Amino acid sequence: MQKSVRYNEGHALFLSAVARKEGTKRGYLCKKAAENSRWHEKFFALYQNILFYFENEQSARPAGIYLLEGCTCERAPAPKMSTTGKEALEKQHYFLIVFGHDGQKPLELRTEEEYECDEWVEAIQQASYSDIIIEREVLMQKYIHLVQIVETEKVAANQLRTQLEDQDTEIERLKAEIVALNKTKERMRPYHVYHENEDPDIKKIKKVQSFMRGWLCRRKWKIIVQDYICSPHAESMRKRNQIVFNMVEAETEYVHQLYILVNCFLRPLRMAASSKKPPISHDDVSSIFLNSETIMFLHEIFHQGLKARIANWPTLVLADLFDILLPMLNIYQEFVRNHQYSLQVLANCKQNRDFDKLLKQYESNAACEGRMLETFLTYPMFQIPRYIITLHELLAHTPHEHVERKSLEFAKSKLEELSRVMHDEVSDTENIRKNLAIERMIVEGCDILLDTSQTFVRQGSLIQLPSVERGKLSKVRLGSLSLKKEGERQCFLFTKHFLVCTRSSGGKLHLLKQGGVLSLIDCTLIEEPDANDEESKAGGQVFGQLDFKLVVEPTDSPSFTVVLLAPSRQEKAAWTSDISQCIDNIRCNGLMTSVFEENSKVTVPHMIKSDVRLHKDDVDICFSKTLNSCKVPQIRYASVERLLERLTDLRFLSIDFLNTFLHTYRIFTAATVVMDKLADIYKKPFSSIPIRSLELFFATNQNNRSGEHTNDRSPRLCRKFSSPPPLSISSRTSSPVRARKLSLHSPITARVGGLDLTSPLSNSNHNTSQSAASSPTSKIIPESPQGSEAGDMSPCRSPSTPRHLRYRQPGGNAVCNSRCSVSPASAFAIATAAAGHGSPPVFTNSERTCDKEFIIRRAATNRVLNVLRHWASKHSQDFEMNGELKMSVICLLEEVLRDPDLLPQERKATANILSALSQDEQDDAQLRIEDILQMADCPKAECFESLSAMELAEQITLLDHIVFRSIPYEEFLGQGWMKVDKTERTPYIMKTSQHFNDMSNLVASQIMTHTDVGSRASSIEKWVAVADICRCLNNYNGVLEITSALNRSAIYRLKKTWAKISKQSKALMDKLQKTVSSEGRFKNLRETLKNCNPPCVPYLGMYLTDLAFIEEGTPNFTEEGLVNFSKMRMISHIIREIRQFQQTPYRIEHQAKVTQYLLDKTLIMDEDTLYDLSLKIEPRLPA
């Protein structure tokens, strides 16, 4: 049992030190001793309600403490002394402190000066809190009095209620008596004449009746009012008023934030920019703050209007305020558009120490409440969405017949339109900034990236094989090259160009002198080696079919070949698919331009604009102002039918649309619907393709031109065909393929297939010479293999970019051959090159029908193969998880192969897609997640101390990337990781989260296993070094695993351990934590990933947060049932970034001894065990 009160001496010493320095009253006083009644001089210090006294002013420890709360202090008369000591006593002034609790003797003190005595008495009287105690007693008396009044009123109310009930009973009794009396009077005096003077009792009864009628009426109205107060309408009005009040409070807070931004940052920095040694320029100030001052003035006016309306409550009319505000909110467009640039300028300015010091001084202002400048610059970004949400809530509680309903709906629609415009401008600006960021990374600069139509597609590391003469590079030579060091290239793919860069030792990028900037117009992609090419065949065996070629044939310089090696088959498929799509788009656009520029006034942009379905809003589609890679407005909302129609439109194919559609189609349709649409396009192109698309395919110019020759022997001889720039590839003399000439005299067969491109040509030389004479504008010279029939098959390339077509300028020599094959692009060009040229050609309807049908069939087949090729190469998981879909695609491709009119390039592309679907997509050279789980079952071979930091970091990175890349992108749709059945819906995301927790627990458990301080400190330093190596390896997930473990309460509280850690390790840890900090939605990590080159392991939680924000903030479908394709595009962008990091593997050798340690779950302790162990290692200090 506790016998004495515990006394915290340390706390008392701290308070005494504070009292000696900052006490209310300090000085020497004489204190009367209780034992011998002698006076001793002590140094007293008063702090709040505690009085300390010391032996002297230099004493560190107090000699005594008095608690003054509840005491009284007053002057005391001098004690009676002898006459000899009277004169000395008169110079002394006494005062007495009487304590409020029993058992404490009064404290007698004295001073030599009277004013000091009065000051001490007044100070001690204030420290006793006597005024507060008296006021409390007064308030308690008032409270008791009010309680008594309330109780009395309750009793009186009950009495009145009882009286009213008694009166009701009495009234009912009187009514019954009155009725009985009336009946009695009528019976007794039926013939009695009514007297004018009524009975006084009757008058009294009437008065009582009148009183009761009034009382009943008032009671009825009271019930009506109470019912209305409890009605849903009144509840809705109360919620509406509360929303308005909250909006006013939010607007007040927002105006205050803008006021701080302008007055605490903008205006002081303007003054600093005008100083003699400015830490920042006026241009940078304008770039950072933009038009924030104008925004502040606008919202101050709006806020004043809101406060004026609140003063007129309960009449709340807000619609006219929004009518005034809406036209002026366009100023937000400039701020939102340049917000990211503003933060970049601020980050650059912070590199200046003077500016950084000045900015921290401004941020330390009490008004900022610890918030940084970046925080204040972010507030205006959310104001327009906040208004939209507020109006949405306001309309939800506004009746349809309300006077403000229509005005508020109009304001909400205008704000949503403004928000969409701002979103589109931000997207466009982000693309430009991405290009500029890459341009700044390149030392020499790159002018092509300054083109606003240049859209970034992908980036990554590839190995460039040395370019040598044919046959000089043997198989032994290929195997002995140090490709990783000498040939590694950082590659960037854009919609029009392909950049190849080298990275110097300092990390800077340099464009290659030859082949650094490749124009995709001049490129031909060769994905697989030719079966007849021994060199390509040998190279493919050495590099595991991971290489692909870009044949570059510029018009003003010799041709050359760039051979690139991908790190994996998935990475190669992704690169070749994107490059092929870019080349297809460029060549299709260029081909259509060349077709229409000379023969029709309808150019490509005008042709697209002439179809309003491509860019005009309709009931089932809505467009934004942002243009996609095909220079067509992006789709914002659309029905499923319109999206499928855009997917199969033959005029263009946008990469971003195709990626977005294939990433997100599960949300709004099914794979079988997409396959049925593709099958319909292939089997019945005329009935499946919109009529408007077919009309524009054969758009003609009605203006006749004179002076042109026609040839009535064949309708094709009258068609003028000028070589289109995208296809003007000069033939190479070093090619073993002999040139041949395509004759335009091929007869049209009777079959429904149009051109017979395989029939032998009789008298070809004679016909060719006549054709050259009659049509001197151009000569088409396709290349053909030598000799045998088997040579007709050209090397495998992109389906719509065949290499066997070559165009030469007039005057070139041509050699005829017996066979000819035409690509879909050339067939389209031949069919439409002279549309509307000169006088209309005279040929039969059957010829015209066959011609159009052949072109449409080839274009439709080409489109279907392109979509399927992209689907199979970049979204192979769809077919691995859906066997029925895979079989339907295989059946369709086999049907395509049976088409007798199929061109060689189409046949080869179909076979490649079938081969890709048939082979195992998983790369055997890469570890799988199942292998990881099996490793954990092996016996432990190593301990933590025997493993180096480099080995741990590399294997952690390898494991993290294997787990990260195993997540199928389907799991990122629908927020499955937040559902109740998340384990079944998103098993791989859950495994990734579990792996993150296990690694973090392993780090914490390993540190806590050490019993001595030195071992724990060295272990922490080693883990910090592992985290830094993970950062160098771009494994930011591993960095977060380790830093989160070190920040756990069980480890963070170990002060003795952290005191042993070196300053360098602590600084390194702070740097790592700042990199992966969640502040500002992982702002620093996002900036790091933006400048990071794969391979990389990002933190998955950052992307899941983004996806959850998109899913919760935006619906999948509009109120009209249209697909919100803008949301799908945002989801697709995030998934594409994740897959970019998934598809680039690490070149790290697996070490079983390290992974066995990392996956040993017997070493992991739970959170409670860790904290209990932490308390045993370093117990809590006593309170």
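Computed values, structure above
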item: Cβ-Cβ under 8 Å pairs, at least 6 apart or on other chains, region 1054-1067 side part of a loop (DSSP other than H, G, I, E, B), far side surrounded by 11 or more Cβ atoms within 10 Å (Cβ to Cβ) and of a type outside the set (D, E, K, R); result: L1054/S1174; L1054/I1177; K1060/V1013; K1060/A1017; I1061/A1017; I1061/I1020
item: Near pairs, Cβ below 6 angstrom, 6+ apart or cross-chain, from region 431-449 (open to solvent by 30 Å² or more (accessible area, probe 1.4 Å)) to any residue that is in a helix (DSSP H, G or I); result: E439/L449
item: Residue in region 1155-1165 that is of a type in the set (S, T, Y), over 28 Å from I962 (Cβ atoms) and open to solvent by 50 Å² or more (accessible area, probe 1.4 Å) present; result: no
item: Enumeration of residues in region 258-304 that are part of a helix (DSSP H, G or I) and basic (K, R); result: R267, R270
item: Every pair of residues 6+ apart whose Cβ atoms lie under 8 Å, when the first sits in region 275-292 and is in contact (Cβ under 8 Å) with a residue 40 or more places away in the chain while the second is surrounded by 16 or more Cβ atoms within 10 Å (Cβ to Cβ) and part of a loop (DSSP other than H, G, I, E, B); result: S287/N338; L290/N338
item: Scope region 97-132; condition under 60 Å from the mean Cα position of the chain (by Cα) and part of a loop (DSSP other than H, G, I, E, B); matching residues; result: S128, Y129
item: Among residues of region 204-246, those that are in a helix (DSSP H, G or I), open to solvent by 100 Å² or more (accessible area, probe 1.4 Å) and under 30 Å from K307 (Cα atoms), counted; result: 3
item: Which listed residue, of Q304, Q361, Q344, Q351, is farther than 25 Å from S274 by Cα, polar (S, T, N, Q) and at pLDDT 80 or above; result: Q304
item: Complete set of residues in region 302-355 that are of a type in the set (D, E) and under 22 Å from H256 (Cα atoms); result: E334
item: Complete set of residues in region 393-418 that are surrounded by fewer than 14 Cβ atoms within 10 Å (Cβ to Cβ) and either assigned to a helix (DSSP H, G or I) or under 24 Å from the mean Cα position of the chain (by Cα) (or both); result: A396, K406, S413, E417
item: Residue match in region 75-89 (condition: at pLDDT 85 or above, in a strand (DSSP E or B) and not β-branched (V, I, T)); result: yes
item: Contacts under 7 angstrom Cβ, first residue in region 971-995 being on the phi < 0 side of the Ramachandran plot, partner of a type in the set (D, E), 6 or more apart; result: T986/E971; Y988/E971; I989/E971
item: Residue that is least open to solvent (accessible area, probe 1.4 Å) [pool: residues in region 1099-1132 that are charged (D, E, K, R) and either in contact with a Leu (Cβ under 7 Å, 6 or more places away or on another chain) or closer than 19 Å to R636 by Cβ (or both)]; result: K1127
item: Looking only at region 90-132, and only at residues there that are among the aliphatic types (A, V, I, L, M) and open to solvent by 50 Å² or more (accessible area, probe 1.4 Å), the one that is nearest to R26 (Cα to Cα); result: V98
item: Enumeration of residues in region 982-1023 that are over 21 Å from V963 (Cα atoms) and either touching a Ser or Thr at 6+ places or on another chain (Cβ under 6 Å) or outside any helix (DSSP H, G or I) (or both); result: I1007, T1009, H1010, T1011, D1012, V1013, R1016, A1017, E1021
item: Region 659-709: number of residues that are modelled with pLDDT of 70 or more and open to solvent by less than 30 Å² (accessible area, probe 1.4 Å); result: 17
item: Those helices (runs of 4 or more DSSP H) lying entirely in region 1118-1183 with at least 3 residues over 20 Å from Y1036 (Cα atoms) and of a type in the set (D, E, K, R); result: 1167-1177
item: Qualifying residue in region 1033-1050 (condition: in contact with a helix residue (DSSP H, G or I) (Cβ under 9 Å, 6 or more places away or on another chain), modelled with pLDDT of 85 or more, of a type in the set (D, E) and open to solvent by less than 10 Å² (accessible area, probe 1.4 Å)); result: yes
item: Residue tally, condition in contact (Cβ under 8 Å) with a residue 24 or more places away in the chain, farther than 19 Å from D584 by Cα, outside any strand (DSSP E or B) and under 32 Å from the mean Cα position of the chain (by Cα), over region 505-526; result: 1
item: Every residue from region 625-635 that is at pLDDT below 80 and farther than 15 Å from N585 by Cα; result: K625, T626, P633
item: In region 334-382, residue surrounded by the most Cβ atoms within 10 Å (Cβ to Cβ) [restricted to those that are touching a residue at least 12 places away in the same chain (Cβ under 8 Å) and part of a loop (DSSP other than H, G, I, E, B)]; result: N338
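This table checks each residue for (1) of a type in the set (D, E, K, R); (2) modelled with pLDDT of 90 or more; (3) over 16 Å from F44 (Cβ atoms).
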| position | (1), (2), (3) |
| --- | --- |
| E108 | yes, no, no |
| S130 | no, no, yes |
| Q141 | no, yes, yes |
| V147 | no, yes, yes |
| N158 | no, yes, yes |
| L164 | no, yes, yes |
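Residue-by-condition table, conditions (1) open to solvent by 60 Å² or more (accessible area, probe 1.4 Å); (2) in contact with a strand residue (DSSP E or B) (Cβ under 7 Å, 6 or more places away or on another chain); (3) within 21 Å of G100 (Cβ to Cβ); (4) not in a loop (DSSP other than H, G, I, E, B):
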position: A19; (1), (2), (3), (4): no, yes, no, yes
position: E41; (1), (2), (3), (4): yes, yes, no, yes
position: A45; (1), (2), (3), (4): no, yes, no, yes
position: E57; (1), (2), (3), (4): yes, yes, no, no
position: I65; (1), (2), (3), (4): yes, yes, yes, yes
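One line per residue, one yes/no per condition, for (1) within 26 Å of Y1103 (Cα to Cα); (2) more than 24 Å from the chain's Cα centre (by Cα); (3) open to solvent by 30 Å² or more (accessible area, probe 1.4 Å):
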position: L958; (1), (2), (3): yes, yes, no
position: I967; (1), (2), (3): yes, no, no
position: R985; (1), (2), (3): yes, no, yes
position: A1004; (1), (2), (3): yes, yes, no
position: S1018; (1), (2), (3): no, yes, yes
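The values are calculated or read from the model by the stated rules, or taken from the named source; none is laboratory data. Since the structure is predicted, the reported quantities are computational estimates derived from the model, not experimental observations. Ideal geometry is used to build each Cβ from the backbone, glycine not excepted, and the neighbour counts take in all protein chains shown. Surface accessibility is based on the protein's heavy atoms, side chains included, excluding ligands, DNA and RNA. Shrake-Rupley method; radii C 1.70, N 1.55, O 1.52, S 1.80 Å.
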